[in-house]
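**Student:** Please read through the structure below; I'll follow up with questions.
The values are calculated or read from the model by the stated rules, or taken from the named source; none is laboratory data. None of these values were measured; they are calculated from a predicted model. Positions of Cβ are backbone-derived with ideal geometry, glycine not excepted, and every protein chain shown enters the neighbour counts. Heads up: the accessible areas ignore ligands, DNA and RNA and are worked out on the full protein's heavy atoms, side chains in. Shrake-Rupley method; radii C 1.70, N 1.55, O 1.52, S 1.80 Å.
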Amino acid sequence: MICISIGDYGLDACRKALKRCEKYRRQFPDLVAEIRLDLCGLGEDEVHELFSGSRIPLIATCMKRSSHLYEAAVLAGAAYVDVNVFSFINLKKENQALLRSRRTKIILSFHDYQMTPGTDALVKVYREAVAAGADIVKIVTTAETTADALRVLDLYKLLKDGRMGRKKVPLIAFAMGDAGRFSRLEAHRQGAPFTYCALKQKYIVAPGMFTVEEVGSFQDRTAVSGTVDMPASKSVAQRAIIAAMLAKGESEFHNCTRCRDIDSAIGVAKQFAQEAYVDKGGDLIIRGGFPPEKKKNDSPFSSLISMSMQSGGRTAFVGESGLLSRLCIPVVAQFGESVTVTGEGSLMDRHMYGCKEAMEELGASCILTAEETLPAVVCGPIKGGEITISGKKGSQFITGLLMALPLSKKDSVLRVQNATSVPYILLTVDVMQKFGVTVEWHREGDELVFNIPGKQKYSPTEMTFEGDWSAAVNFIVAAAIFGSLTIKGLNLGTIQADKKILDVVRGCGASVEELPDGGGIRVSRGSLRAFDFDATDSPDLVPALSVLAAFSEGTSHFTGVARLRNKESNRPVVMEEGLNAMGVPARVDGDTMDITGISLARRIVEGKMLKGGNFHTFSDHRVAMALKVASLGCSSKVTLDSTDCIDKSFPGFLKLFESIHQ
């Protein structure tokens, strides 16, 4: 709600000011005006005449003790009275009662014209005002620095979190002065009932106050709102599809929304299972085919002959899925024949770290290109046993070993040093257990140790794929910066790695509410602050969190980003270049990345919105989605050279994205 402050001297001047206010009612239908009784020089009769004749709801404000003027305003129909909280507490009860009469709402206010007190002192003021019966609490300080203004804005987060007291009363909290100017807009975004402004620059009555024209130019064109449903988790789906391929019998999967990576997994299942198809109801049916039936004309030398020709009898085509490629290398080897694992696009340039050495140590063969990239020709079976591998480059090949080793004749012990993406490893174990496969694990110092009994069998199962937290990430970030979204279809008890996003957005100031009865989550924007993020276990969050950092006040620090260079693109560098082009200082240095951000409110008020233009996605789906979110905060159009890549993980993203921003 817009509140125009009037401090003109004399009754006639106040009347003229109110007349000028009326022309803004079409633009701001709920407009109110504040009459500064301490500045206007009005007597009681003039106050009564002004307030009783106004067509606009009025606030009677006086920074001095003038209870008789307040009483005149209330009797004349004032919508609100703004009284200093301590002056109100010291009023006689009969005077307090009079101010509350005629449905007038009480704004109890605190002003500090010298500084911004500490948070505890401001919370104490709020609680005292609430205890005194305030309908609205107003806390205004003076900011010398951005940090001062942010300290005042912290009150909104404390209020939402229930740390300001049991009773929640509407709050107006901002800082005066140039350094605190943005806090006036941010306060409104955080739910302040009023944004104070002046008719013109010459009528400004407090340092940093906006004019009504400025407020009009600040109308939020970046806002997002609505409800979005998330597709199936491709991390869960790909693992489950391969597990079903290894099971004897029919598995049935519900909520199998499609994307290119899931379709690639289904394609592999069609090659190695007896049957894989989507039925008329949209459920995915897989009849597994392991162990394979031996053909009568099989020769014990046939696999060796195929290996010598470096071409398999069957091909596992994995599309552009890094997980599926590294998972399939050990899994398809268990079929005991020569199989070619290949893909397309940027996957063909990605290094298959450690695959060849580990496969050979376990008694299987793996032939890669000279650059250790796909295609790979593999032949097993894997014998099992004890093996130690490094997890420094990622978890995907570890997932493949975990899924393959239970099928070996021997028991296995898999030791993982320098493990990264640990939640993804544990997700693999969780999916395997749903298919009746046993894996026990524990930590020994810095190692993860997996004890895997051999000669196990995957049992068919029926399951519903849970929603994809990786898909939700960009919508959660968009809501944290630009508005409020309800996000459905997510399992709050998941072990998906990217649920970590909730901790990050909460920590930097956004609001996250878990809705009852499985209604999903509601994420709402907040006064965002810089954060630290370790990408070791959740690397896919980095592109979206880079955008969050651009709108978080201060310098955010990322660690563990080096291994993202071997994704669909060199993600840290691509995001660094994209943000710099948008005007956001970003710097990658080895395994770290620093991004210096400014809050959205400051960007709007100070004219520092991100720059639009033409941007390269490098055919990276996560980069493309992150840049679309960033485009909401750009001053001009953002054009991406490719968005088809988004279909790799989330074909419905663009349509859903358009639905939240009108």
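**Student:** Note the full-extension length gain between Ile367 and Lys167 as 0.36 nm times their separation in residues minus their Cα-Cα distance, in nm to one decimal.
**Tutor:** Fully extending the segment from Ile367 to Lys167 adds 65.2 nm.
**Student:** Now, a different point. Taking the 0 to 90 degree range and rounding to the nearest ten, how far is the long axis of helix 621-631 tilted relative to the main principal axis of the chain, both from C-alpha atoms?
**Tutor:** Once rounded, one gets 10 degrees.
**Student:** Roughly how many percent of the accessible protein surface of the chain is carbon and sulfur, given a 1.4 Å probe and a whole-percent answer?
**Tutor:** 48 percent
**Student:** Then there's this: Specify, per residue and in Å³, the volume enclosed by the convex hull of the alpha carbon atoms belonging to region 469-528.
**Tutor:** Measuring per residue, one finds 66 Å³ for the Cα hull of region 469-528.
**Student:** Which residues make up the longest stretch of the chain that has no chymotrypsin sites (Phe, Trp or Tyr not before Pro) in a DSSP loop with at most 15 other Cβ atoms within 10 Å?
**Tutor:** 302-662
**Student:** Based on C-alpha coordinates, I'd like the Rg and Dmax of region 532-662, in Å.
**Tutor:** Rg then Dmax for region 532-662, in Å: 14.0, 40.
**Student:** Also, I was wondering about something else. Identify which of the listed values of Cα Rg over 2.2 N^0.38 Å was calculated from the structure shown: (i) 1.06; (ii) 1.00; (iii) 1.21.
**Tutor:** (iii)
**Student:** Also: As a test of the formula, what do you get for the chain when each DSSP H run with n ≥ 4 contributes -39,500 (n - 2.57) and the sum is divided by the residue count, at 222 nm and rounded to the nearest 500 deg cm²/dmol?
**Tutor:** Dividing the helical sum by the residues of the chain leaves -10000 deg cm²/dmol.
**Student:** What accessible area per residue comes out for the chain, rounded to a whole number of Å², with a 1.4 Å probe?
**Tutor:** With all protein chains present, the chain gives 40 Å² per residue.
**Student:** Rounded to whole Å, give me the distance from the Cα center of region 566-631 to that of region 1-54.
**Tutor:** First find each Cα centre; the distance between them is then 46 Å.
**Student:** Within the set Lys248/Lys410; Lys157/Lys628; Lys157/Lys434; Lys234/Lys457; Lys410/Lys434; Lys393/Lys648, which residue pairs have Cα atoms separated by over 29 Å?
**Tutor:** From Lys248/Lys410; Lys157/Lys628; Lys157/Lys434; Lys234/Lys457; Lys410/Lys434; Lys393/Lys648, over 29 Å: Lys157/Lys434.
**Student:** Further question on the same structure: What nm distance separates the two modelled labels at Gln433 and Asp220, each placed 7 Å from Cα along Cα→Cβ?
**Tutor:** Here the modelled spin labels are 4.2 nm apart.
**Student:** In straight Cα distance, which aspartates and glutamates are under 13 Å from Lys392, not counting same-chain residues fewer than 8 positions off?
**Tutor:** List returned: Asp446, Glu447, Asp537, Asp591.
**Student:** Using the alpha-carbon atoms, what tilt in degrees (0 to 90, nearest 10) does helix 234-245 show relative to the longest principal axis of the chain?
**Tutor:** Taking Cα atoms only, the helix is inclined about 20 degrees.
**Student:** Taking the 0 to 90 degree range and rounding to the nearest ten, how far is the long axis of helix 119-131 tilted relative to the main principal axis of the chain, both from C-alpha atoms?
**Tutor:** Between helix and principal axis, roughly 60 degrees.
**Student:** Do you know the relative contact order of region 31-160, to the nearest whole percent, from alpha carbon pairs under 8 angstrom that are 6+ apart?
**Tutor:** Relative contact order for region 31-160 comes out at 19 percent.
**Student:** Go ahead and collect, in residue order, the members of region 165-209 whose backbone nitrogen is under 11 Å from a label point 7 Å along the Cα-Cβ direction of Leu158.
**Tutor:** It comes to 165, nothing else.
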